Structure formats: C-alpha cells, structure tokens
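I have placed the structure first, in the form of structure tokens, so that the comments after it can refer back to it.
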Amino acid sequence: MSKVVKKEYLEEAAAGYNLRTAREEARRCLVCHDAPCSEACPAGTDPARFIRSLRFNNVKGAAETIRKNNPLGGSCAKVCPYDQLCQEACSRCGIDKPIEIGRLQSFLVEQEKAFGMKNVEAPEEKKAGKAACIGAGPASLAAASVLARAGYEVTVYDAQQKAGGMLTYGIVPARLPQETVDYDIQLIKDLGVKFELGKKVESAEALKAAGYDTVFVGAGLWGTKKVDLPGADAKGVRYALDYLKEARESGGKSEIGNKVIVIGGGDVAMDCAATAKLAGAEKVMIYYRRTIEEAPAEMAEIKYVQSMGVTITTEFAPAAILEKDGKVDFVQFKGRDGQSEAKVKADTVVFAIGQSAEAVGGMDAEGVFVGGDIANGGKTVVDAVAEGKEAAAAMIDYLEKKAGVK
Ligand code: SF4
C-alpha cells in the first residue's frame, strides 16, 4: 500500500464509512441464518437485515430497516454498547473480528439524513384514542413514534425546555452530538407527535382527567442521590446530572475549576470527566471504588477520557471532603483494602454515583403504562427504546379494546 493510499484510508476510517468502505465491511457479513446480531439487539434494530440490504447496494432499504425498528437509530448508533450486544454476538468474532455494526448504522443514518429519506410515516386518518407520554427521553420518544405510526394522536410532556431527556442533558456531545438527537426527534415530530416542553406533569391521572385515554410514564431518573459524607455541603460539591445539564445549557462553558475529582465508574462519570476537561480543567481525576474490570462504563469511554489525560484511580472511595472557607479543598479517600488512604487536592468534586426516580402519581391507574429508566432503575438507551416500543404495543392493545376494535 502506498503512503498516499494509506493516509487516505486512515482519514476515511477516522471520518466514518463512505459507500465503498461501508459495502466492503457489509460484504464481510456471513449472512447468518439465525442472525445472532439481531437476536442480541434489545430494541430489535435487526442488523442482519440492514447489512444484507447494504450488501445489495440498497442503502434506502437498509436505512428504512433501522428507522422502522428503532426510532432512535441515530442516537443508538452513537451510544450503544455494541461490544456487549450485537458485535459481541456476531459470528465473525470466531473467525477474525466482528462486523462493525455500530459504524455501519451510523453511516446509514447519516445517508438517511443527507438524502432526506422518509422512512417512517403516520396515516393521515387518525384512530379513536389519545395518548400522552410523560418525559421526552428515549423510552417516551420510542413509544410516541410507534403510537403515531399506528394512527394515534400523541403528546409528549417534559419538564425540560428541550426534548431528548438523558440524550440531550446526560451525555456529553462529543459522544452524542446534539444534531443526531435532534434529527431523531425531528422525524418523530414529522409523524405529527406534539411536544409540550417546560411542563412538569406530577401525575398520570391528571393527564387522564385532561382527556388522554392512555398515558406512558417514561419520566427517567432525574432525582439526585445525595452523598452522606462529612463536608458534602461544601461549595464545589456537584452532582453529575446537574453538572452535565448546566454544561450543556452553557455550551460547555460552565465553571468547574482547575482540579476536578469525579467519583464513579459509569458512563456518566466518564461524561462528567470529559466535559470538565473540555471546559478547560487542567487536572481531572476519576476515583472509583472497585476495579476497572468491575466499572460499568464502556471500555471505549474509559479509553476516550484517558486519551484526554484524565487519570483513573480504582479501589478508592471518598471518606470525607475537607473544606477551607466553606469550599472544597481536599478529598480524603480510603482504599478497598481497608488500610490505604489518600488525600487529594481539588476545587470541585462531581459525584456520579447514580440517580433516583422522581415521583409520578397514578402509575398503577388503568390505562397507564410505565417503562424506561424509571421502571428498570437505569439501563442503556437501547433498553429504554425497547421498553418504549413494548409499552406502545400494550397501549395500542388497550386503545383497540377500549374502542371495541378487539
Ligand atoms: S452475526 Fe455478524 S456475520 Fe452474522 S449476520 Fe450478523 S453481522 Fe453478519
């Protein structure tokens, strides 16, 4: 390979696939009869089918398979843990390496946008029955898409000013660009789904009383688990979601200080560390109480923050925050072995140790369905999509019975 060709190839790889390289990758697919990749997708995105279409140069058909099966196909292409799902299940793992399903999905969704493909539609004639979704995160968005395509009038309510839930406020844009989220949402709006943003709904029953026949509660986990440590009230102690939301709303410029400690080992902790680094913090250090193998964060995210210069110290948990003039000064850590100790200077401590659900009333009322993080305690985006689709199917069944169709 000449140097020129090699350089072009590397640039192509960094930039994502083009039609030629995407088809080359699709041609490595074994077209498995049992398609373990498709079996492994919680949301039923059906990689085997879209890869087969791409092999036959049917880009439109491939993009259509993704969008029809997964209304958040663009966002999932960016944040799905492929190496634990479809790519881990891929039959080619036993030969050389799995098909790059995530990158192929990204390429196809970009083609869908670039060519303005309309891959999903809602019927013009509406069916009897109105549905509402509480929360505009992935579970609700998926449910709204399925309901609208089945012909129902759907309204999505969210307390935030922008739709997307965790996709918009809880994931760093370097991992999930806002335009990707916005495009997924635009396609749902194009189906006629209405959005009522900046409106917090306290109870599903209130929406039923307002005339909705069925309600989906996909409100997500927006409550913060407060830490109970000496010094936890000091200025400079932050909580992950508040910090990520503020950073997103300020265009990444929210004040964070120079020495930042992030506590946690999940993707949200990695996102906080990356956001702090991108905001200009000189030193960003992650501390996690278990080993790196036990950390729930994806390996790609761990490598990403490490490539930015973020250090990760494992098997150390915070014991106290030491203040000076009411502000964070040091964090005292204790080792998992029960003997080791460390005292680390910091301006800010961000706790990324999990979220809790905020109460929504009437979740067990008739015609009310619940899914996503609020029901499963916080899983992946693709799990939320799967639960939203499942809830929508149950809501359609409920509406049909109510209308006497079934
Ligand atoms: S498991 Fe891998 S090789 Fe088999 S159909 Fe899916 S992508 Fe192709």
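The values are calculated or read from the model by the stated rules, or taken from the named source; none is laboratory data. Fair warning: this is a prediction, and the values are worked out from it, not measured in the lab. Here Cβ is always computed from backbone atoms with ideal geometry, including for glycine, and neighbour counts include all displayed protein chains. Note: areas computed on protein heavy atoms with side chains; ligands, DNA, RNA excluded. Shrake-Rupley method; radii C 1.70, N 1.55, O 1.52, S 1.80 Å.
Brief remarks on what is shown
- Residues within segment 72-125 that are within 30 Å of residue 153 (Cβ to Cβ) and surrounded by fewer than 21 Cβ atoms within 10 Å (Cβ to Cβ), tallied: 12
- Criterion (more than 18 Å from residue 162 (Cα to Cα) and of a type in the set (Asp, Glu)) met by exactly one of 242, 228: 228
- Residue count for segment 23-38 under the criterion of being free of Cβ contacts under 8 Å to residues at least 60 places away in the same chain and surrounded by 14 or more Cβ atoms within 10 Å (Cβ to Cβ): the result is 5.
- Options 110, 100; residue that is within 24 Å of the chain's Cα centre (by Cα), more than 16 Å from the ligand (Cβ to nearest atom) and modelled with pLDDT of 95 or more: 110
- For residue 380, the criteria (1) surrounded by fewer than 22 Cβ atoms within 10 Å (Cβ to Cβ); (2) outside the structural domain of residue 273 (by TED's automatic domain parsing); (3) in contact (Cβ under 8 Å) with a residue 12 or more places away in the chain; (4) touching a Lys or Arg at 6+ places or on another chain (Cβ under 8 Å) hold in every case but one, which is (4).
- The requirement of being modelled with pLDDT under 95 and either over 21 Å from residue 164 (Cα atoms) or assigned by TED's automatic domain parsing to the domain that holds residue 201 (or both) is not satisfied by residue 61.
- The number of residues in segment 193-205 that are within 25 Å of residue 400 (Cα to Cα) and either in a loop (DSSP other than H, G, I, E, B) or open to solvent by less than 60 Å² (accessible area, probe 1.4 Å) (or both) comes to 4.
- Qualifying position, being outside the structural domain of residue 41 (by TED's automatic domain parsing) and within 31 Å of the chain's Cα centre (by Cα), among 392, 342: 392
- Enumeration of residues in segment 133-156 that are of a type in the set (Ser, Thr, Tyr) and buried (at least 23 other Cβ atoms within 10 Å of the Cβ): 140, 145, 152
- Among the residues listed as 213, 267, the single one being under 17 Å from the mean Cα position of the chain (by Cα) and not aliphatic (A, V, I, L, M): 267
- When each of 163, 174 is tested for being farther than 21 Å from residue 359 by Cβ and out of contact with any strand residue (DSSP E or B) (no Cβ under 9 Å at 6 or more places or on another chain), the lone residue that passes is 174.
- Subset of segment 67-97 (residues that are more than 15 Å from the ligand (Cβ to nearest atom) and basic (Lys, Arg)): 67, 68, 78
- Of residues in segment 11-66 being part of a loop (DSSP other than H, G, I, E, B) and of a type in the set (Val, Ile, Thr), the one nearest to the ligand (Cβ to nearest atom): 31
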